[in-house]
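Here is the structure we will look at.
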Amino acid sequence: MTGWADHLGKFAEGALNTVELTVFSAGLAAVVAVVVTTFRICPVRPLRAFGTAYVELFQNIPLAVWLVLFVFALPVIGLKFPLFPTAVLATGLYMASYYAETLRSGINGIGAGQAEAARALGLGFGQSLRCVILPQALRTIIQPLGNVTIQLLMNTALAAAVGVVELTEATNRVNLVLAEPLPLYIGAGVCYAALALIISSVAGLLDRKLVPR
Amino acid sequence: MTSVLFDVPGPRARRRTRIATVVAVLVGLVLFALAVRQFAINGELAAQRWTPYASWPMWRYLLGGLGGTALAAVLAVAIAMSIGLVAAFGRISRHLVLRAPSRAYVEVVRIIPLLLLIYFAMFALPRYGLDLPLLWKLVLPIAVSRGAQFAEIFRSGFRSLEAGQGEAAAALGMRPYQAMLHVVFPQAIRRVVPALISQGAGVLKDTSLGIVVSYAELLQSGKVLAGYNRLLIQTYLIIALLYFVINYALSRLARSIEARRHQTGGPAPVSSPPPARRGLGRNRSAAGTSDDAPRRARVRA
């Protein structure tokens, strides 16, 4: 049982990497998702097609394939980036399709009557979107967005498959030295649970703050 | 919905839309050309880099991988569904001793990455004397992790049924298990078929983690093949294409079943539970939102 303290550092480093992966990927995914969703509801047909194609493409190919493609195959055609940003890019682009789907379902969930009322009051496209549709759409999807973000957290573990030392991989490495799998893996599980709890309580908080009852 | 947001475009708006269309197409073409150029200047467009994939042995190998994927996916779906069914019955049970563990299972598994479970099966279990074969090191963690998803789908199916159905069965003198067997279950299961198919596609995607346990499914086969013939990008693109075709077909199937049910005016199929109520936090809106259901059903990445 000696040497636990030495390994705590590695463990913490892995956890930190997981947090960074999650934060950066979520940021990237959110931005891409907003752009893609805008494309999908705009009147320009090629952009709509692009938005749909994007979502279908990324949702129907497993993240592991994307990661392998980005990390091992893209350097072959001269697109080589450091490992960590590549993992963020793959995870972010992949999860963006899920964020985009959630955003769109939120917008579709608003009754057409709301939009018609906004039109009848003389609001333009941007105004009715900004003042009527989006505020209502957002409040219905805060919790789903939180859940997608938890999915993203779970998916950051896949980065281990291409060599990023995040929490899962760090646990594995420490375990190879210490050979104490049960406490180590349970510890990692608790870490993930804590992170998921943070995400869902932030979502819950936002939900309470933003949604008038 | 989107068409309500703006007026029927007049001449100016139409012109603007047309200009935007042209610009978008141009930008798309430029990006495509850049990608092709990137392939070309690195010599990856050369015919001999692609022709191997016109030959049978390559495909035979990849199809073998696909067979591995199919086997793992079918096994995982079967086990996950059984787990899900048991857990769903547990969750709607009247007895706390059944309800609590089912709930705990669903909530806990939801916040544990699949890869951690796989690592657990790979590195932890052997130490405690349980060294599973490769296939099961992949299938069991997937089944455990997806079982919770299936449980929630089944449960939302049960809950989507009007209370009158169960009450009517009780009024006819059926015992609870009889009501479940003859009345509730057959109706509920029909409503969740699209969500089940979506989950199946998700399981299929999960099996790509065979690359971690070195089980010879599609992605792992691709990795082996690429290591052997050095055609990295070609191999992985073809792998991606295969996954896309299969998953896209599955999701279209789910959507068409769903659409048909909408048309025939039958009860709206239930999606996997709206993520909102699976949260660790408080539960909001119940399963009733069926319009956006197909999309949310796919939200498990």
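The convex hull defined by the C-alpha atoms of chain A has an orientation-averaged projected area of 14.7 nm². Computed over chain A, the per-residue total of -39500 (n - 2.57) for DSSP H runs of n ≥ 4 gives a 222 nm mean residue ellipticity of -26500 deg cm²/dmol, rounded to 500.
Ellipticity at 222 nm from helices only: DSSP H runs of n ≥ 4 in chain B, each -39500 (n - 2.57), divided by the residue count, give -22500 deg cm²/dmol.
Note that chain B presents 48 Å² accessible area per residue, ligands and nucleic acids not counted, probe 1.4 Å.
All other residues whose Cβ lies under 15 angstrom from that of residue B:126 are scored, Lys and Arg at +1 and Asp and Glu at -1, for a net of 0. Spin-label model, residue B:82 to residue B:59: label points 7 Å out along the Cα-to-beta-carbon direction sit 3.6 nm apart.
Average partner chain C-beta neighbours within 10 Å, per residue of A:198-204?
Average neighbour count from other chains, rounded to a whole number: 3.
Quick one: among B:55, B:214, B:198, which has the greatest mean-square fluctuation in a GNM of chain B with alpha-carbon springs under 10 angstrom? Result for chain B, Cα springs under 10 Å: B:55 fluctuates most.
Per the Cα gyration tensor, the stretch A:95-200 maps to an equivalent ellipsoid with semi-axes of 45, 12, 8 Å, ordered largest to smallest.
Summed over both chains, the accessible area lost when B and A associate is about 6100 Å², using a 1.4 Å probe.
Normalising the average separation of contacting C-alpha pairs (under 8 angstrom, six or more residues apart) by the number of residues puts the relative contact order of chain A at 30 percent.
The alpha-carbon atoms of the stretch A:139-204 define a convex hull whose volume equals 72 cubic angstrom per residue. For residue A:20, the accessible surface of its heavy atoms amounts to roughly 70 Å² (probe 1.4 Å, protein chains only, rounded to the nearest 10). What the Cβ-Cβ distance of residue A:194 and residue A:10 gives, at R0 = 22 Å and to the nearest 0.05, is a FRET efficiency of 0.75. Counting only protein heavy atoms and a probe of 1.4 Å, the accessible surface of the stretch B:53-263 is 68% carbon and sulfur.
Using a Debye calculation, one point per C-alpha and no hydration shell, please list log10 I(q)/I(0) for the protein assembly as shown at q = 0.07, 0.08, 0.12 Å⁻¹ in order. For the protein assembly as shown at q = 0.07, 0.08, 0.12 Å⁻¹, log10 I(q)/I(0) is -0.42, -0.55, -1.21. Residue B:75 contributes an accessible area of around 50 Å² to the protein surface, as traced by a 1.4 Å probe with all chains present.
Structural descriptor for chain B: relative contact order 20 percent, calculated from alpha carbon pairs under 8 angstrom and at least 6 residues apart. A convex hull fitted around the alpha carbon atoms of the stretch B:1-152 yields 245 Å³ per residue.
Within chain A, helices built from complete DSSP H runs that reach 18 Å or longer along their own axis (Cα positions) and carry a mean Kyte-Doolittle hydropathy of -0.5 or higher are A:4-41, A:45-60, A:83-109, A:134-156, A:181-210. Residue by residue along B:245-254, Cβ atoms of other protein chains within 10 Å of the local Cβ number 2 on average. Computed from point charges on the beta carbon alone (+1 for Lys and Arg, -1 for Asp and Glu), the dipole magnitude for the protein assembly as shown about its Cα centre is near 1440 Debye. Across A:7, B:182, the residue with the most accessible area heads the list, and the full order at a 1.4 Å probe is B:182, A:7.
Electrostatic bookkeeping for residue B:90 treats Lys and Arg as +1 and Asp and Glu as -1; over the other residues with beta carbon under 9 Å from its beta carbon, the sum is +3. GNM remark for chain A: springs join alpha carbons under 10 Å apart, and the peak mean-square fluctuation among A:179, A:193, A:203 falls on A:179.
Once the Cα atoms of helix B:134-160 and of chain B are each reduced to a long axis, what angle between those two axes, in degrees from 0 to 90 to the nearest 10, is obtained? It works out to around 50 degrees.
Protein heavy-atom surface of the stretch A:1-147, 1.4 angstrom probe: 71% of the accessible area is carbon and sulfur, with nucleic acids and ligands not counted.
What shape does the stretch B:166-223 have by the C-alpha gyration tensor, where a ≥ b ≥ c are the square roots of the eigenvalues, rounded means a/c under 1.5, and otherwise prolate means a/b greater than b/c and oblate the rest? Verdict is prolate for the stretch B:166-223. Output the 0 to 90 degree angle, nearest 10, between the alpha-carbon long axis of helix B:218-229 and the longest principal axis computed from the alpha carbons of chain B. The answer is roughly 20 degrees.
Helix B:232-263 and the longest principal axis of the Cα set of chain B meet at an angle near 40°.
Rounded to the nearest 10 square angstrom, residue A:86 shows an accessible area of 10 square angstrom against a 1.4 Å probe. With springs connecting C-alpha atoms under 10 Å apart, model chain A as a Gaussian network and identify which of A:39, A:81, A:11 has the largest mean-square fluctuation. Its mean-square fluctuation being the largest, the pick is A:81. Net charge in the neighbourhood of residue B:188 (other residues with Cβ under 15 Å of its Cβ; Lys, Arg +1, Asp, Glu -1) is +4.
Does chain B classify as rounded, prolate or oblate by the C-alpha gyration tensor (a ≥ b ≥ c root eigenvalues; a/c under 1.5 gives rounded; else a/b over b/c gives prolate, otherwise oblate)? Judged from the Cα gyration tensor, chain B comes out oblate (a/c at least 1.5, b/c at or above a/b).
The values are calculated or read from the model by the stated rules, or taken from the named source; none is laboratory data. Predicted model, so just to flag it, every value in this text is computed and none were measured. Backbone-built Cβ (ideal geometry, glycine too); neighbour counts: all protein chains shown. Side chains are part of the model used for accessible areas, which takes the heavy atoms of the whole protein and leaves out ligands, DNA and RNA. Shrake-Rupley method; radii C 1.70, N 1.55, O 1.52, S 1.80 Å.
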